[in-house]
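The values are calculated or read from the model by the stated rules, or taken from the named source; none is laboratory data. Just so we're clear, the structure is a prediction, and the values are computed from it rather than from any experiment. Virtual Cβ from ideal backbone geometry, glycine too; neighbours counted across all protein chains shown.
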């Protein structure tokens, strides 16, 4: 079955079981209510000719209903990132994919301070303009929903998401129903999710990490999702976990740190799985959860192009510092950067991935697709190694290596060394600044005012001389992406502007 047919199948079985606890509105949606509401939206969407439909909704019950409705209509949802310039991202997505219609929320547009346009459908307007006939029609369809929902093959495109665009122009990633389903099947095999679980939905749906682990995975598992519009409201989220007895949370380390800091011992006693992804899990965060709540934080790894999870630590197989072992039926190999030959275990190179999880390709961009997929192997652009026990270790992005005096230097390694001295409560980001003779200089943006002389002396014990940063620039805070990761491109611009001023 397609993803939406699997959700419908679960809804038919569970009916009155809670699908969504919406923290923003205080409303609960049963699986039956979510299904009926989605059919109402679906009828409206069917009136538009576009093959693609933009979706720009905060994490909420309305987002779940809207997304399910687009899927049931047979159209492809295009997930719009509203955290990095909503208007520009909508315009870019429309140009790239050739659609007009965008489903969104008036409250979100007001919060973003963006202008409305004629091709926007507002969820609030749909709700207030419903007729009795529309409600009755949706209830009738809900009695036999599989008959009225669009049929899709496993290889059909399920959703289209954009890469972050931190390093270059965003690419439109085509993920099929089978791509995402392969991830769900593997994760359910490893962690045994079920109807007793309550997921903590803090990650935005425009990132695949949130879309898979906070929408498709819980709904297909028959679980409940407790949604939160703003993941940065740390105390509100921590209280929600405690009050609703949430059992699962998938988030980035930045968010997890905030929730732990704003919680009290015992608040998270119901959490059975805490999964970190999207960035490096630090020892401080892991130890904080263990000492404060008695629960272990696991770490996984993935990319937008792999639906997303590639590898994950489990309770049975857990090696801190690694990003876990590959999922069942996922193949990983390490390729030499220069020779393109496969490397033996223990040697660093490019991480290649193969399996059902690998995307169909980049929409409208055969060149980029061919550059990243070779004989069904996806080149992640990440550097890592596989150890003797089959654990995968992430060493950084290839594009976050710089060449200085003919030597390759890892910006991630520089950041790790700096963090050791400034502490994990502060942020740092190493960036490359071009140099006319050496090729590049390394500059580090930090949120702690440090002595340059003292830092360089300390780093001399951690890094080779060529890797020592030239300059440290203080900022009150560093810009983040919607998923909690530092926006490297924005930090680089900030550093260059500061140095040129």
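Points worth noting:
- Filter pass, residue 339 being at pLDDT below 95 and farther than 15 Å from residue 376 by Cβ: yes
- Checking each residue in region 313-331 for being crowded, with 22+ Cβ neighbours inside 10 Å and over 12 Å from residue 393 (Cβ atoms) picks out 326, 327.
- Residue in region 35-54 that is in contact (Cβ under 8 Å) with a residue 60 or more places away in the chain, in a strand (DSSP E or B) and more than 30 Å from residue 479 (Cα to Cα) present: yes
- Out of 146, 205, 187, 175, sole residue that is more than 21 Å from residue 328 (Cβ to Cβ), in contact (Cβ under 8 Å) with a residue 60 or more places away in the chain, buried (at least 22 other Cβ atoms within 10 Å of the Cβ) and in contact with a helix residue (DSSP H, G or I) (Cβ under 9 Å, 6 or more places away or on another chain): 205
- When the strands (runs of 3 or more DSSP E) confined to region 242-337 are screened for residues that are in contact with a helix residue (DSSP H, G or I) (Cβ under 8 Å, 6 or more places away or on another chain) and over 21 Å from residue 354 (Cβ atoms), those reaching at least 1 such residues are found at 248-251, 273-276, 297-302.
- Residue among 381, 396 that alone is in contact with a helix residue (DSSP H, G or I) (Cβ under 6 Å, 6 or more places away or on another chain), at positive phi and in contact (Cβ under 8 Å) with a residue 24 or more places away in the chain: 381
- Residue satisfying all of: in region 11-25; in a loop (DSSP other than H, G, I, E, B) and under 25 Å from the mean Cα position of the chain (by Cα); surrounded by the most Cβ atoms within 10 Å (Cβ to Cβ) among these: 23
Matching residues to (1) in contact (Cβ under 8 Å) with a residue 24 or more places away in the chain; (2) closer than 26 Å to residue 154 by Cβ; (3) touching a strand residue (DSSP E or B) at 6+ places or on another chain (Cβ under 8 Å):
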{"residue": "58", "(1), (2), (3)": "yes, no, no"}
{"residue": "67", "(1), (2), (3)": "yes, yes, yes"}
{"residue": "77", "(1), (2), (3)": "yes, yes, yes"}
{"residue": "86", "(1), (2), (3)": "yes, no, yes"}
{"residue": "90", "(1), (2), (3)": "yes, no, yes"}
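- Going through (1) surrounded by fewer than 21 Cβ atoms within 10 Å (Cβ to Cβ); (2) in contact with a strand residue (DSSP E or B) (Cβ under 8 Å, 6 or more places away or on another chain); (3) more than 23 Å from residue 424 (Cα to Cα) one by one, residue 269 falls short only on (2).
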